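These notes are about the structure you will find just below.
Since every read-out is calculated from the coordinates, none of them should be taken as a lab result. Since this is a predicted model, take the numbers as computed values, not measurements. Here the Cβ positions follow ideal geometry from the backbone for every residue, glycine too, while neighbour counts run over all protein chains shown.
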Amino acid sequence: MQKFAATIAMCFALAGCQTPTQEADAKADKLWEAAGPYAKCVVARADELARQPEDPYYLALAAKASCARQRSEVADVISRVYRPATWQDINRIVDKRVEEAAITRIVNRRASGGV
């Protein structure tokens, strides 16, 4: 009976601990909370730049460059939340996704005649 009670007590004690899945979810939430303003900034700048005749790729790079403060905030969150071996890859992924969103916005604006 004492072993059973000890096992139950241990289960209750562990119930409050974060599981690896919960920890990963918390990290992802922090990342996307920081990345949202960066992505919005880049897409808004891409909207403004879509009127220019240059290649959408280069306009997307210019849009990203104009949101350096938001990008810095994202990099700061990533470096605090993830291990160094991981955060450089995550930085690249975030940058690539934001760049793709900007290019898509520019191409769609031009295609719809909204420029």
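Numbers at a glance
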| quantity | calculated |
| --- | --- |
| Candidate aspartates and glutamates for bridging to residue 30, where Cα separation is under 18 Å - those fewer than 8 sequence places away on the same chain excluded | 73, 76, 89, 95 |
| HN-Hα J in Hz across the stretch 70-79 - Karplus 6.51, -1.76, 1.60, θ = phi - 60°, x for Gly and Pro | 5, 5, 5, 5, 5, 4, 5, 5, 4, 5 |
| Whole-angstrom gap from the stretch 62-76 to the stretch 88-105, using each part's C-alpha centre | 11 Å |
| Ranked packing of 84-94, 43-53, most packed first, by mean Cβ within 10 Å | 43-53, 84-94 |
| Label-point separation in nm, residue 111 to residue 65, each point 7 Å along Cα→Cβ | 2.7 nm |
| Whole-Hz ³J(HN,Hα) from phi, Karplus 6.51 cos²θ - 1.76 cosθ + 1.60, for the stretch 80-95, glycine and proline x | 7, 8, 10, 5, x, 5, 9, 5, 5, 5, 5, 4, 5, 5, 4, 4 |
| Inter-site label distance for residue 51 and residue 21 at 7 Å from Cα along Cβ, in nm | 5.0 nm |
